[in-house]
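Heads up, the thing below is written out as structure tokens.
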Amino acid sequence: MHNIQKNSSSNVFPHTGEKGFTIIEIMISMLLFLIVTGSIWGLLRVSQQGRSAVNEQTQLAKNVRIALNLMSRDTYNAGYAYPLGNTVVLPNNVISPLLGVPADSDALRDTIPPIISGNNITVNTFNTAGGASTDQVTFLYKDPTFNLVGNVGPPDQRVSQALLIPATGRTTTMGGVVELAPASGGNTACRINDVYLITGDLGSTLGLSTGLNGSTSVQFSNSDPLGLNQTGLDGVLNNIRPTSIYRVNMVTYFVTPDGILTRREFGNIQPTAASVDVPLVYNVEDFQIQYVMDSGAVSDNPSSGPDGVAGNADDSQANLAAIRQIRFTVSVRSIDNNAGGQPYRETMTTTVSTRNLGYEATS
């Protein structure tokens, strides 16, 4: 028997019709990929920059809006239960060092209206333009939380009333300390370091309480932190014959040299701080205030008189009672720059009515 053995061998045939990418095709593909990727990245970058700009502008606007809301509230309240008609007086040049406004040119007593304007008071070093100055304004109005009377309940269900001072309720000690003793309730509604409007038959004045004598009287010495009770207050009280007192709020809005819009409250702070500052907006480049008068005229500083210069003979504080609207303009910029290398900026303006200045307020 013959064994037949077959030797099998594999024959490899070359493939035909197939080939790889050429260098040119790979380069074209990579170029197209880079173009598409670059376009997508560019769109994402633009979107990211737009989002950053919107976020930055929104934050700037939010901060300014909060400050404008606070200023609007104090503008609305200005003059509430506060005498108009040039009847609130203090010894000469008491307000000038307290607020940093120009002193008047006469030796007469100061008159204290419910709104005190200050035009170009503080040089703003944060403003890159250089030489820019910002305005300030001060508001005075009755504190509605003082001496609440009526049914026991929330403050908004009770009424704030002045404390009456009888004809025999005022004394002056040998040290120059004036004491006022309310007719009923004593001094239980009073606190040390509060600003009071002391009203009489012939006018009013401001004083800062420096002590309480037992439970009967409120003391006003001439060494108070604000300087309201300096020598001469007793003479003012002699003229007005005090009949009542109530607490008032006194607040100023101004910008610090390094660009911080600030709300300063005088007195009414425990235990004995002269004032307290609350920063509202940082990075403020400009803060300008204009006043719309009852005649429709617009003024940068109504008390400065016809020549527009504060501190000379034609000044008139009485003009401030004729303010009917106040226009605030706040300009801020960011610390961070945009894609063009420039900071983000926001300017907002609001006009607020001085609703309590159109009539003579009473307590």
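The values are calculated or read from the model by the stated rules, or taken from the named source; none is laboratory data. Because the structure is a prediction, the values reported are computed rather than measured. Backbone-built Cβ (ideal geometry, glycine too); neighbour counts: all protein chains shown. The accessibility values were calculated without ligands, DNA or RNA, using every heavy atom of the protein model including side chains. Shrake-Rupley method; radii C 1.70, N 1.55, O 1.52, S 1.80 Å.
Residue 271 meets all of the listed conditions (1) part of a strand (DSSP E or B); (2) in contact (Cβ under 8 Å) with a residue 60 or more places away in the chain; (3) not hydrophobic (A, V, I, L, M, F, W, C) but one, namely (1). Among the strands (runs of 3 or more DSSP E) confined to the range 187-254, the ones with at least 2 residues that are open to solvent by 10 Å² or more (accessible area, probe 1.4 Å) are located at 195-200, 211-213.
Residue check: is residue 289 in contact with a Pro (Cβ under 8 Å, 6 or more places away or on another chain) and surrounded by 14 or more Cβ atoms within 10 Å (Cβ to Cβ)? So residue 289 does not fit the description; no.
Residue 129 - would you say it is in a loop (DSSP other than H, G, I, E, B), aliphatic (A, V, I, L, M) and touching a Lys or Arg at 6+ places or on another chain (Cβ under 9 Å)? For residue 129, the condition - in a loop (DSSP other than H, G, I, E, B), aliphatic (A, V, I, L, M) and touching a Lys or Arg at 6+ places or on another chain (Cβ under 9 Å) - is not met.
For the range 132-154, taking the residues that are open to solvent by 10 Å² or more (accessible area, probe 1.4 Å), touching a helix residue (DSSP H, G or I) at 6+ places or on another chain (Cβ under 7 Å) and in a strand (DSSP E or B), the one that is modelled with the lowest pLDDT is identified as 148.
Could you tell me whether residue 102 is open to solvent by 30 Å² or more (accessible area, probe 1.4 Å) and either more than 28 Å from residue 293 (Cβ to Cβ) or at pLDDT 85 or above (or both)? Considered against the rule, which asks whether it is open to solvent by 30 Å² or more (accessible area, probe 1.4 Å) and either more than 28 Å from residue 293 (Cβ to Cβ) or at pLDDT 85 or above (or both), residue 102 comes out as yes.
When restricted to residues that are in contact with a strand residue (DSSP E or B) (Cβ under 8 Å, 6 or more places away or on another chain), over 20 Å from residue 89 (Cα atoms) and small (Gly, Ala, Ser), the range 178-221 contains 8. In the range 106-127, the residue that is least open to solvent (accessible area, probe 1.4 Å) out of those that are modelled with pLDDT under 90 and closer than 23 Å to residue 293 by Cβ is 110. Considering only the range 324-344, I want to know if a residue exists there that is open to solvent by less than 50 Å² (accessible area, probe 1.4 Å), out of contact with any helix residue (DSSP H, G or I) (no Cβ under 8 Å at 6 or more places or on another chain), in contact (Cβ under 8 Å) with a residue 60 or more places away in the chain and within 22 Å of residue 79 (Cα to Cα). There is no residue in the range 324-344 that is open to solvent by less than 50 Å² (accessible area, probe 1.4 Å), out of contact with any helix residue (DSSP H, G or I) (no Cβ under 8 Å at 6 or more places or on another chain), in contact (Cβ under 8 Å) with a residue 60 or more places away in the chain and within 22 Å of residue 79 (Cα to Cα). Checking each residue in the range 271-315 for being within 30 Å of residue 190 (Cα to Cα) and over 21 Å from the mean Cα position of the chain (by Cα) picks out 271, 272.
When you check residue 262 against the structure, is it surrounded by 15 or more Cβ atoms within 10 Å (Cβ to Cβ) and in a strand (DSSP E or B), yes or no? So residue 262 passes the test.
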